[in-house]
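Undergrad: Input: one structure, supplied below.
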Amino acid sequence: MIKVAVIGAGAFGSEHARVYSELQNSTLAVVCDTNEQRGREIAEKFGVEFVSDYQQIIGQVDAVSLTVPTESHAAIACELLEAGVSVLVEKPIARTLDEADLIIAASERGKATLQVGHLERFNPAVTAAAKIITKPRFFEAHRLSIFTPRSLDIDVVMDLMIHDLDVILSFVKSEVVEVRAAGVPILTPRIDIANARIEFANGCVANLTASRVSGERVRKLRFFQPGQYVSIDYAAREASVVGIKPKPGGRPEFENRSLEVQQSEPLKLELESFLAAVEGAQVGVTGGDGRRALAVAGDVVDKIREHAARAGVPFAG
């Protein structure tokens, strides 16, 4: 049994605690949060120890889910990893590439597992679509969310768009050569709506839109490859493909079919993958993967900043 702790008892952290408490190969031992009332509430709910200082868990557990605000990722993750505690750090891996490098280096020094919490990689619809990837040429992603007061320490690119960036980067085996983007703040000082166009060295193009001030919740990714159009609905955990069906002696016909999706909760799959990696299996989303997604997301933010400066639109961060 792998002894685990959850650091950060907010919305994400409480879900991590729930799943760990249900898994058969892990023991949820500790919940940690600087907010004592919230932390004790979650700890008592699952019948585990509460601590307010993460340093107290070093030597007590084998692995940790780090679900604190992004600004605290590097300091906490580095100390834990160097002490030999495996860490699943929520996305984005860090605020900056320098911080991401520090986390990755700490993992190597401490010989501890590092996994980045890009949850959509474990969405069964994404897994199903990944099996039929050939040479994708064009992606279109829409991720729209109703405004909530969470994750306001980061902008919509790092909060929402980075999910789709990570999935697309995992599908396209080519380097990014150009980024164009625009975005604006609406309800916060940070970017709340953003659109980006990413071009890869192999000619593939991705167009992404993310908003956290929408009137509806949409999480969809579509991509086109020779002879096929593939659609992924993250929320419904469904995927379908439209392809050309050859017809001897006549005009080809279109074939529309749903992909076989093995239904399971993405967070459960993610944490199972993390625990397996702690025991020696391949890491599902590596620190390098998280760094690459952060790098492209950072390029998107830089382009938005340039666009906003030209338009005279100020925003924070």
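Each reported figure results from applying straightforward, stated rules to the coordinates on display, with no laboratory input. Treat the numbers as computed from the prediction; the structure is a model and nothing was measured. For neighbour counting, all protein chains shown are included, and Cβ atoms are generated from backbone atoms with ideal geometry for every residue, glycine included.
Undergrad: Distance cut-off 24 Å, Cα to Cα: go down the list Lys91/Lys173; Lys111/Lys135; Lys220/Lys268 and report the pairs above it.
TA: Lys111/Lys135
Undergrad: A further question follows. Order of 275-285, 7-17 by packing, highest average Cβ count within 10 Å first?
TA: Top to bottom by mean Cβ count within 10 Å: 7-17, 275-285.
Undergrad: Take the Cβ-Cβ distance between Glu279 and Arg305 as r, set R0 to 51 Å, and report the resulting FRET efficiency rounded to the nearest 0.05.
TA: That gives a FRET efficiency of 0.75.
Undergrad: Now for a separate question. Per residue of the chain, what 222 nm ellipticity follows from adding -39500 (n - 2.57) for every DSSP H run with n ≥ 4, rounded to the nearest 500?
TA: Per the formula, -10000 deg cm²/dmol.
Undergrad: Right, something else. Could you list log10 I(q)/I(0) for the stretch 2-117 at q = 0.21 Å⁻¹, which the Debye formula gives when each Cα is one point scatterer?
TA: Debye output, listed in q order: -1.10.
Undergrad: May I pose another question? For Glu22 and Ala75, what does the FRET efficiency come to when R0 = 30 Å and r is the distance between their Cβ atoms, rounded to the nearest 0.05?
TA: E(calc), rounded to 0.05, equals 0.50.
Undergrad: Additional query: For Val213 and Phe147 in the same chain, what is the full-extension length gain: residue separation times 0.36 nm, less their Cα-Cα distance, in nm?
TA: Gain on stretching Val213 to Phe147: 23.3 nm.
Undergrad: Arg109 to Arg222: extension gain in nm, 0.36 nm per residue of separation minus the Cα-Cα distance?
TA: Here the answer is 36.7 nm.
Undergrad: Take the Cα of Ile132, step 7 Å along the line toward its Cβ, and report every residue of the stretch 206-223 whose backbone nitrogen sits under 12 Å from that point.
TA: Only 223 fall inside the zone, counting backbone N under 12 Å.
Undergrad: Could I ask something else about it? If R₀ is 25 angstrom, what is the calculated FRET efficiency for the pair Ile244 and Lys173, using the beta carbon separation as r and rounding to 0.05?
TA: According to the calculation, E is roughly 0.55.
Undergrad: Further, regarding this structure: With N denoting the number of residues in the chain, provide Rg(C-alpha) divided by 2.2 N^0.38 Å, to two decimal places.
TA: 1.04
Undergrad: Further, regarding this structure: What length, rounded to one decimal in nm, is gained on full extension from Glu36 through to Val205, with 0.36 nm per residue of separation minus their alpha-carbon distance?
TA: 56.1 nm
Undergrad: Report, in whole Å, the centroid distance computed from the Cα atoms of the stretch 69-118 and the stretch 225-240.
TA: Each part reduced to its Cα centre gives a spacing of 32 Å.
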